[in-house]
Amino acid sequence: QEELRESGGDSVQAGGSLKLSCGVFGYTFSNRCGMAWYRQAPGKEREFVSSIDRFRTTTYADSVQGRFTISLGNGDNTLYLEMKNLNTEDTAVYFCAADKNYYGYCNSKVTPAIWGQGTQVTVSS
């Protein structure tokens with residue numbers, strides 16, 4: 001079965017750093033189109049944060065550009081999101097996501113279809 005498990009969420013002070021991890025189970029990244037991080041703050045819509053496609057090309061939302069870094073490790077079985085210079089606007093539940101499509105049938109952008117349960121990030125001032 002295909003499953004994603006986020007971890008690493010915590011409460012931090014503004015200006016601090018945090019690194020999230022997403023374990024990938026029953027899913028082979030090299031055969032698929034890509035993965036991504038999304039987040040949802042209280043009272044707001046779920047929003048795109050960052051993605052990485054099968055060519056290792058990365059994309060970032062303007063709000064996190066220059067502060068966040070998405071990467072793969074552990075034989076592509078773990079997706080990371082390194083977050084620096086955090087501010088209160090970064091407070092949200094962060095979700096790991098994966099594109100269900102196989103290579104050869106990819107969209108122009110990573111299109112998530114498999115989701116983790118989320119991990120809470122709280123930034124205080």
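The values are calculated or read from the model by the stated rules, or taken from the named source; none is laboratory data. If you're wondering where the values come from, they're calculated on a predicted model, not measured in any experiment. Here the Cβ positions follow ideal geometry from the backbone for every residue, glycine too, while neighbour counts run over all protein chains shown. Accessible surface areas use protein heavy atoms only, side chains included; no ligands, DNA or RNA. Shrake-Rupley method; radii C 1.70, N 1.55, O 1.52, S 1.80 Å.
With the full set of protein chains in place, find how many percent of the accessible area of the range 3-125 is carbon and sulfur; take the probe as 1.4 Å.
On the way: 2860 of 6450 Å².
Its accessible area is 44 percent carbon and sulfur atoms.
Subtracting the Cα-Cα distance of ALA14 and SER108 from 0.36 nm times their residue separation leaves 30.3 nm of extension gain. Along the range 56-70 the Karplus relation, 6.51 cos²θ - 1.76 cosθ + 1.60 evaluated at θ = phi - 60°, assigns HN-Hα couplings of 6, 6, 10, 9, 9, 5, 4, 5, 10, 3, x, 10, 10, 9, 9 Hz to successive residues, with x for each Gly and Pro. Please compute the net charge surrounding ALA97, taking Lys and Arg as +1 and Asp and Glu as -1 over other residues with Cβ under 14 Å from its Cβ. Charge balance near ALA97 sits at 0.
Within straight-line reach of LYS44, meaning a Cα separation under 14 Å, sit the following aspartates and glutamates at least 8 residues removed in sequence or on another chain: GLU89, ASP90. Rounded to the nearest 10 square angstrom, GLU45 shows an accessible area of 150 square angstrom against a 1.4 Å probe. For a straight C-alpha distance cut-off of 13 angstrom, the aspartates and glutamates reachable from LYS100 (same-chain residues fewer than eight places away being disregarded) are GLU2, GLU3, ASP53.
Per-residue surface analysis assigns TYR103 an accessible area of about 120 Å², computed on protein heavy atoms at 1.4 Å probe radius.
Put PHE95, PHE55 in order of accessible area, largest first, 1.4 Å probe: what do you get? Could the numbers behind the result be given before it?
Values: PHE95 25, PHE55 150 Å².
Listed by decreasing accessible area, they come as PHE55, PHE95.
Averaged per residue, the chain has 54 square angstrom of accessible surface, using a 1.4 angstrom probe with ligands and nucleic acids left out. Could you give the Stokes-Einstein D for the chain in µm² per second, using the C-alpha Kirkwood radius, 4 °C, 1.567 mPa s? Value of D from the Cα-based Kirkwood radius: 90 µm²/s. In the context of the full protein assembly, LYS84 retains an accessible surface of approximately 100 Å², using a probe radius of 1.4 Å and ignoring ligands and nucleic acids.
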